[in-house]
Amino acid sequence: MPKGWQWDPTLYKGAGPHYARGRLPYPSALAERFRLGADLSGAPRLIDVGCGPGTVAVALACLFAEVIGVDPDADMLVEAAGRAAEFGVENVRWVHLRAEALPAGLGHFRYATFAQSFHWMEREVVAEIMFRMIEPGGAFVHVNTAVASSQSPVLPFPSPPRAEIDALIKSYLGEDHRAGQSVLRYGTPDGEARVLVGAGFRPARSVPVKGGDGLERSVGDIISWVLSHSNSAPHLFGDDLARFEDDLRHLLDDASDQGRFSQWAGDVELNFYDRSAERG
């Protein structure tokens, strides 16, 4: 969990409807590459912890007999259920719960995935819980989206003007990085390898997943991208939300003559921290 920050349930309040549209998609090869690093014999189960709108859970459901997505934001789970229905995925269910409250009678799993979620948790507590919930021979899988792309593509449209967007957010919310009802003074923690090995998992095996082509994005897509982040979630703007969206739209209109932007999703790493029969 970030230093000096305490969990509260408003972290992503109002962001659920924007998340699936705004966030860049995972590479289409995610499930195929996951299969390369996994033992999928028998009838394995997957738990996706901090599942958000179900992006990873739905993408990997084809590999498992059952998938459970866990998230503390009820609105995110509404989006996740809609996503599963949209893709015809029927072997996944959603549980409204913080990771720290597991195992909650959910049983054991071959794999547990954490995608852009572990840093918000009490990591040592959750790592210990996962060691007990994951079967020997299974793994804690950290989906690392912070991997620099191996390509330097030439994209047809301008990138979103990040500096100008950040300045606009700060003009509404102040200089501090907002996160729920508090601020994030020291950023989010890294060093998950140390935490997981300390809990008894083996050092990571990494399976790279190559990113896709550059994506064409509309002004509306970029607005949702901004509103999907914890430091600019809709609830933070209060009664000024509509005015902020108008100002953001004008900023984006000025930044692209065609109202189109390009974003590059980059590469992903699946870091498998295997769970041995006993702590090493």
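Bear in mind these aren't lab numbers, they're just calculated from the coordinates by the rules spelled out. Model, not experiment: these values are computed from the prediction. We place every Cβ from the backbone using ideal geometry, glycine too, and count neighbours over all the protein chains shown.
Brief remarks follow.
- Between residue 194 and residue 260, full extension at 0.36 nm per residue minus the direct alpha carbon distance yields a gain of 19.6 nm.
- Region 150-232: C-alpha pair distances exceeding 22 Å, %: 54
- Segment residue 162-residue 74, extension gain: residue separation times 0.36 nm, minus the distance between their alpha carbons: 28.7 nm
- Helix-only CD estimate at 222 nm, as mean residue ellipticity for the chain, using -39500 (n - 2.57) per DSSP H run (n ≥ 4): -9000 deg cm²/dmol
- J(HN,Hα) series, region 27-32, from Karplus relation 6.51 cos²θ - 1.76 cosθ + 1.60, nearest Hz, glycine and proline x: x, 5, 7, 4, 5, 4
- Prolate is the label for region 2-94. Its Cα gyration tensor axes, ordered a ≥ b ≥ c, give a/c of at least 1.5 and a/b above b/c.
- Compactness of region 17-157 as Cα Rg over 2.2 N^0.38 Å, two decimals: 1.05
- Set of region 236-269 residues, backbone N closer than 15 Å to the point 7 Å along the Cα-Cβ line of residue 24: 261-269
- Placing pseudo-labels 7 Å out from each Cα toward the beta carbon at residue 205 and residue 276 gives an inter-label distance of 1.5 nm.
- Applying 1/(1 + (r/R0)^6) with R0 = 35 Å to the Cβ-Cβ distance of residue 247 and residue 8 gives a FRET efficiency near 0.85.
- The chain pair-distance distribution - Cα-Cα, 10 Å bins, rounded %: 6, 27, 35, 23, 7, 1
- Near residue 51, the amide H atoms lying under 5 Å from its own belong to 70, 71; only residues 5 or more places off or on other chains count, and H is placed 1.01 Å from N.
- Packing-based exposure ordering (other Cβ within 10 Å, fewest first) of 3, 170: 3, 170
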